[in-house]
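These notes are about the structure you will find just below.
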Number of protein chains: 2
Amino acid sequence: MQSGKKGIWPFPDANSLGQDAIAGLVIAAMLIPQGMAYALLAGLPAQVGLYASLLPTAAYALFGSSRYLAVGPVAVVSLMVATATALLSQRHGLDPVPVAASLALASGAILMLMGLLRLGFITHFLSRPVLLGFMGGVAVLIGLSQLPHALGIPVEVREPFALVGELAGNWQSFSLPTLLLAIGTVLLIRLFSGPLARLLQPRLPTAGLIVSRLGALAAVVLGITLALHTGLGERTALVGEIPRGLPSFALPPIELAWLMELLGMAFLISLIGLMESVSVGRALAARDGEDIQPNRELLGLGASNLVAGLSAAYPVTGGLARTLVARDAGAKSPLAGVFAAGGVLLALLFATPVLAMLPRAILAGIILLAVLPLLDFASIRDTWRHNRPDATVALISFASVLILGVELGLLTGLAVSLALLLWRISQPHVAEVGRVPGTEHFRNIRRHQVETRPGLSMIRVDESLQFPNSRFLRDTLLEHLDTHPETRDLVLVCSAINEIDSTALETLEELVRSLAARGIRLHLSEVKGPVLDRLRRAGFPALLAPGRIFFTNQAAFEEIGADKPQQDQSVAQ
Amino acid sequence: MQSGKKGIWPFPDANSLGQDAIAGLVIAAMLIPQGMAYALLAGLPAQVGLYASLLPTAAYALFGSSRYLAVGPVAVVSLMVATATALLSQRHGLDPVPVAASLALASGAILMLMGLLRLGFITHFLSRPVLLGFMGGVAVLIGLSQLPHALGIPVEVREPFALVGELAGNWQSFSLPTLLLAIGTVLLIRLFSGPLARLLQPRLPTAGLIVSRLGALAAVVLGITLALHTGLGERTALVGEIPRGLPSFALPPIELAWLMELLGMAFLISLIGLMESVSVGRALAARDGEDIQPNRELLGLGASNLVAGLSAAYPVTGGLARTLVARDAGAKSPLAGVFAAGGVLLALLFATPVLAMLPRAILAGIILLAVLPLLDFASIRDTWRHNRPDATVALISFASVLILGVELGLLTGLAVSLALLLWRISQPHVAEVGRVPGTEHFRNIRRHQVETRPGLSMIRVDESLQFPNSRFLRDTLLEHLDTHPETRDLVLVCSAINEIDSTALETLEELVRSLAARGIRLHLSEVKGPVLDRLRRAGFPALLAPGRIFFTNQAAFEEIGADKPQQDQSVAQ
C-alpha cells in the first residue's frame, strides 16, 4: 500500500533509540495501572494484567505492522474474558487464571491462522453501526461492573439488572472514602489531561503532551501514599498482595471437553481484538498516513497472544489511549514497545509491595474514564439523521449486549446487520429512465425532465440480479407492464448490474418467454463486460432474440425507434 | 399481477363442472398409489398417505391461488418427514404417526403466519443452485431408501452408506419376484407415458394425455390382480391391512418438551413445501401465463396443512406431476381438487381390502420413477459452463444432503450460498473508465478504445458501497494512486452504486482526508437520486469540497479539464 512499513529493522540509531526509551517509559507508566485495572475487570488477579503488559507487548514489536501500536490489556477484551472465564468456570469448575491463559493461546492461534490464510477481510463484516452499538453496550456493562468498587459495596453479580438491584439492596455498606477516591481519580486525570496540559503546552509542547497522559500514574502514586501513611487501608479495599518477579512459562491446561466452547469464545475475542487494533491503526492512518496491513497485523497480534497464553497472561490487543501516548511521546520504532515492557518488568521486580497498597477505587476511576468515550451516542444520533436503518442496527446491538450479554449481543448485532444487507439486496430500487434532452444521458423520469418514446419502456434496476431479488425484479417488470399496456419494447438498463447469478438468469429466461407470449420484446442495454461474458457463455443472446443487447442506452433509444418511423416524431415529454 | 385469480367462486357452470369431475378422477387415480407410496417413504402406514390426499387436497381448493395446483403428499417432503419423525421418535420415544400429524399442524401454522405477515419473500433466499443440489441429494436418498423394497431385502437403516452396506450384507434374502415387480412397474409406466400415449395422441389428443399418466394405476391394478390370483403374496411383501373409512379428527398431542425441535423441522418442511408449490406454479406460469401469488399461496398451503394435522395425515404440498395431469385432463377450477378428494374417499370407503394386497415393490417402482427427474445433473453441468461458483454451490448442497442428511444439508447449502453472495459483495469489480470517442459514454479502459486525460482518473465501482466492501474500495483506490502517481483528480463513478451505508460513508470521509493530504481531489459523478439524498443529509458534499459531485461523467470529464488548459490538448490514447 502507500506507506513504507517500519519493522524493528533496520536497527535505529542512538538518537531515535533515546526517543524510543522515553516513549517506552511513558507507556509503561500508563500500562501498569491500566494493566492491573483491566485484569481485575476480567476477574483475574492484578499481576495477570502486568504479565499481559510484559512479554506480549514486546512480542508485538517483533511481528506487528505498526510503528506505534501499543499492545496490552484493553477494557472491552477484558470484559469478554470475564464473561468467558465465568461461563467455563461455572460449567466445568475451572480456575479463571489458566482459562484466561488458554483463551489467549487459542486467540493467538486463531489470529495467526487467519493471518496465514489471509482472512483479515473477515473483520469487514463487522459494520460500523454494529461496533458503535456493541462498544456502547460494553461500556455500560464495564461502567456498571466498576460501581461496586467505586462505592465500596461488595457485590459479586455480573448481570447488569441484578447488579443494580444488589447495589440498592446492600446500600448500607456504602463507603464514602471509597467513593471520594474514585471521584478524586477522575478529577485528577481530567486535571492532568485538561488544565495542566494546556498550561504546559505553549512553552513545552512535548512535556505538555506527556503530562496530559500521566494523570492515572499520579492518582496511583497519591492513592498508595495515602494508603501507606494514613489509615485509609482499613476503610477501603486495596489491590492486595502481588507476587514479585516474572511469570512462569507453561502451556495452559486445555482439555478436549471444553475446547470447542473455548474456541468459540476465543474467536469472538480475536475478532473484537483485531477490530480494535485495526481501528486504532485507522485513527493513526488518518493523522499520519501510516497504514496498517490487516494480514500482517494478524500475525503481530497472534504472536502477542500466543506469548500471553504461554506466560500466564490473558488476551491482549492494541489500545487507542496508550498508542496515542506512544506517538505523542515521540516513539520512532517498535522498540518503544520493548522499552515499555522493560518498565513493567522493573515494576514486577521492585514495586509489587507498594502496588499491593493501591486502593481498588482508584483503578475503578481509571476504568470508568477509559470506557466513557466508547459510549458514543453522538455518532448514533448523527447516523440516525442520514441512515435510520444503520442507526437502528446500532441501537439493537447496544440493547442486545445489555440484555443478552457480550457474546450473544455481538452475534445478534452481526446477524441483524447481515439480515439488513440481504433485505436491501432483495428489494432493489427500480426506476424508469428517459433521455435528458440534449445529452446521451438517461435518468429517472420521476426526478428529471426527460424524453421518452411511446411503446418503449426503459427500466433501470439498481442492484445486481441475484437470487434474493430475481423474483422481485420479475414481479416489478410485470407490474410496470400492467400499468403501461402500450409497451412493445422493454429495455432493461444494466448499468448498475454487476452480476447475474444462475437463479436470476433462469428468471430472466422465464421473463423473455412470458413477454414473448404477450408480444413484447425484452432488450438489455449497457451490460458490463464481465456480465456480458457470462450471458454469452450461457447462450442468453440467442434466447433473447429478436430482443437485442445494446451497447448504450442512447443506441437502444435511437435504434428501437428507427424501424417505426411513425413513432419517431412523437418524441415528447 | 397480470392474470386474474380464479378462486372457487364464481361457481362454475354444468359444462365446466363435468370437466372438473373428469380431471378430479384422473388426479385421484394418481393420488391413491402415490399417496400410499409416499406415506411408506415417510415411515408411516399407507392410509396416512390417503388421508393426506383427502381433506388437505380439498382444503387447498378453497384457499389456494392456483386453478390447477394439486396438493397432496410429495416425495421430498415425505423424506423430510421420515427424518424428522425418526429423530423425535429416537429422542423422545414418540410414535411416528402423531408426530407426523403434529408436523403438519405446525407447518400449517407457520405457513399461515408467514402468509399473514407477507413473508413469502423468504423463499427467494433459497437459490436455484441450492435447490438443484438439494433436490438431487434428496432424490439419491429416496432412491436408496426404496432399494430394500425393490430388492425384497428387509433393511431398516436410513443412513445412505450404512444402507448400502446392510444391503450387501443381507444379499441372501434377495427376492427375484420382488425385483421383477419393481422393474415391471417402471417399464409399464414408461410404456403408458411413451409409446401408448404417442399411439393415441394423433387421433384422441386428450385421451392420449390422460392415458400417459395412468401407468401407475395400471401397475397397481395388475399387481393387486397378481397377488389376489397367484401365490405372489407369499413371495413378496404386500402393503398389508389398511383401516376402512375416514380418518378420525383430533388435535395431535404436541408437548412443550419437543415443541421447539418440532418447529425447527416444520419450518424447513414448510420452506421446501412452499418452494415446491411455487416452482410448480412457475412452471404453469411459463406455459399459460397463470401466476401464483406467493402470499396467497401461503394461506392455501397453510390451510391444507392445518387440515392435514387435524385429520391424522402428514405434511402436504403441490406436486408437479399430478398438477400437470389436472391441467392436461381439462381442470377448469379448483373444484377439480374437490372431486379428486372424492375419488380418494371412495377408495377409503370401498377399496381398502384390495389395496392391502398391493405388493410394496410396485410402490417402490412408482417412487423411483417419480424422483428420477429431481436428479438434474444436466442443469448442474450447464451451470458449470457459465457460472462455476453457482455450480459449486449446487455440488456442495448435493454432497451435504448425502453426508449430513436432509435438514443439515439444506441449511449448509443455504449458508454456503449466502456466504458466496456476501463474498461477491465484499470483492466488487472495479474498473478505470474513459470516454468512448464521439459519444458521452464511458467504459472500461481495458476493454474498449477510450479517451483519457492525464492527471484525471475515473474509477467505476461495480457494487453498492456497504460494510463488507468499504475497506476493499479504499485499498483499491489507494493502490490505483500508487500506480498512477500523476493523478490530481480522482472521480468515483457512482452509476453502479445503489446504496452507501454508514460504514462506507465513514471510509469515504477518511479517504477524502487521506487524499487531501496528498494533494489529490476526490469527486463523485452520476450519483443516483436516493444515494445523493443520503449523502446530502450526512453533510458529505461540504466535506468533499473542493471535490465536486458531477451530474454526468461527461460533465466531470469536460469540467475538471477546463481549468487546466495545457492538459486539454493532450486528450489521447
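Across all directions of projection, what mean area in square nanometres is found for the Cα convex hull of segment B:192-244?
So the Cα hull casts an average projection of 5.3 nm².
At 1.4 Å probe radius, can you tell me the per residue accessible area of chain B in Å²?
39
Volume per residue, Å³, of the convex hull around the alpha-carbon atoms of segment B:430-568? Walk me through the numbers before you get to the answer.
Numbers: hull volume 14.1 nm³, N = 139.
Enclosed volume per residue, from the Cα hull, is 102 Å³.
Amide H of A:LEU524: which non-local residues (sequence gap of 5 or more, or other chain) have their own amide H closer than 5 Å, using H built in the peptide plane?
Correct list: A:LEU492, A:ARG548, A:ILE549, A:PHE550.
Which ³J(HN,Hα) values in Hz, rounded to whole numbers, follow from the phi angles of segment B:139-144 under the Karplus curve 6.51 cos²θ - 1.76 cosθ + 1.60, where θ = phi - 60° and Gly and Pro get x?
4, 5, 4, 5, x, 4
Name the long-range amide H neighbours of B:THR317: under 5 Å, sequence gap of 5 or more, or other chain; modelled H, no Pro or chain starts.
B:GLY72, B:VAL74
Could you list the square roots of 5 times each eigenvalue of the Cα gyration tensor of segment B:321-420, that is, the equivalent ellipsoid semi-axes, sorted largest first and rounded to whole Å?
Here the semi-axes work out to 38, 19, 14 Å.
Provide a whole-number value for the mean count of partner chain Cβ atoms within 10 Å of the Cβ atoms in peptide B:461-474.
Mean number of neighbouring Cβ atoms from other chains: 5.
Taking every residue in A:416-429, how many Cβ atoms of other protein chains lie within 10 Å of its Cβ, on average?
4
Sort A:141-149, A:545-553, B:62-70, B:109-117 for me by packing, meaning the mean count of neighbouring Cβ atoms within 10 Å per residue, highest on top.
B:62-70, A:141-149, B:109-117, A:545-553
With a sphere of radius 15 Å drawn around the Cβ of B:LEU268, what net charge do the other residues whose Cβ falls strictly inside it have (Lys, Arg +1; Asp, Glu -1)?
Net charge in that neighbourhood comes out at -3.
Of all chymotrypsin sites (Phe, Trp or Tyr not before Pro) in segment A:121-215, which ones are in loop regions per DSSP and have a Cβ with at most 15 other Cβ atoms within 10 Å?
A:PHE174
Considering only B:LEU395, B:LEU418, B:ALA312, whose Cα is most displaced toward the positive end of the charge dipole of chain B, charges sitting on Cβ of Lys, Arg (+1) and Asp, Glu (-1)?
Value computed over the given set: B:ALA312.
Find the relative contact order for segment B:14-374 and round it to a whole percent, using C-alpha pairs within less than 8 Å whose residues are 6+ positions apart.
43
What relative contact order, as a whole-number percentage, does segment B:328-446 give when Cα pairs under 8 Å and 6 or more residues apart are counted?
10
Could you order the peptides A:395-405, A:300-310 from most to least packed, using the average number of other C-beta atoms within 10 Å per residue?
The peptides rank, most packed first, as A:300-310, A:395-405.
Quick one, can you get me the convex hull of the C-alpha atoms of segment A:83-226 expressed as volume per residue in Å³?
Spelled out: Cα convex hull of segment A:83-226, divided by residues, is 209 Å³.
Among DSSP beta bridges whose residues both lie in chain B, state the antiparallel percentage, nearest 5.
50
Could you run the Karplus curve 6.51 cos²θ - 1.76 cosθ + 1.60 with θ = phi - 60° over segment B:400-414 and give me ³J(HN,Hα) per residue in whole Hz, x for Gly and Pro?
Taking θ as phi minus 60°, the curve returns 4, 4, 5, 8, 9, x, 5, 6, 4, x, 5, 5, 5, x, 4 Hz for segment B:400-414.
Lysine pairs in the protein assembly as shown with alpha-carbon atoms under 30 Å apart, 8 or more places apart or on different chains: how many are there?
The result is 7.
At a probe radius of 1.4 Å, figure out the A/B buried accessible area, summed over both chains, and give it in Å² to the nearest 100.
Answer for the A-B pair: about 6700 Å² buried.
Counting only helical runs of four or more DSSP H residues, what would the 222 nm mean residue ellipticity of the protein assembly as shown come to if each run contributes -39,500 (n - 2.57) and the total is spread over all its residues?
Calculated at 222 nm, the ellipticity per residue is -20000 deg cm²/dmol.
Rounded to whole Hz and in sequence order, give me ³J(HN,Hα) for segment A:356-370 from the Karplus expression 6.51 cos²θ - 1.76 cosθ + 1.60, θ = phi - 60°, writing x for Gly and Pro.
Per residue, the Karplus-derived 3J(HN,Hα) values read 4, 8, 6, x, 5, 4, 5, 5, 4, x, 4, 5, 4, 5, 5 Hz.
Rounded to the nearest 5, what % of DSSP beta bridges with both residues in the protein assembly as shown are antiparallel?
50
Using a 10 Å cut-off around each Cβ of peptide A:380-389, what is the average number of partner chain Cβ atoms that fall inside?
4
Please give the direction-averaged projected area of the C-alpha convex hull for the protein assembly as shown, in square nanometres with one decimal.
It is 54.6 nm².
Express the relative contact order of segment A:430-568 as a whole percentage, based on alpha carbon pairs under 8 Å and six or more residues apart in sequence.
Computed over segment A:430-568, the figure is 22 percent.
What residues of segment A:114-161 lose no less than 20 Å² of accessible area with every protein chain in place versus their chain by itself (probe 1.4 Å, heavy atoms only)?
When all protein chains are present, A:PHE121, A:HIS124, A:PHE125, A:SER127, A:ARG128 each give up 20 Å² or more of accessible surface.
What percentage of the solvent-accessible surface of segment B:148-287, computed with a 1.4 Å probe over protein heavy atoms, is contributed by carbon and sulfur atoms?
Summing carbon and sulfur atoms, their accessible area is 67 percent of the total for segment B:148-287.
Using only the Cα atoms of chain A, what do you get for the radius of gyration and for Dmax, in Å?
Final numbers for Rg and Dmax: 30.6, 103 Å.
The values are calculated or read from the model by the stated rules, or taken from the named source; none is laboratory data. Bear in mind the structure is a predicted one, so any value in this text is a computation, not a measurement. Cβ coordinates were reconstructed from backbone atoms using ideal geometry, including for glycine residues, and neighbour counts include every protein chain displayed. Just the protein is used for accessible areas: all its heavy atoms, side chains included, with ligands, DNA and RNA removed. Shrake-Rupley method; radii C 1.70, N 1.55, O 1.52, S 1.80 Å.
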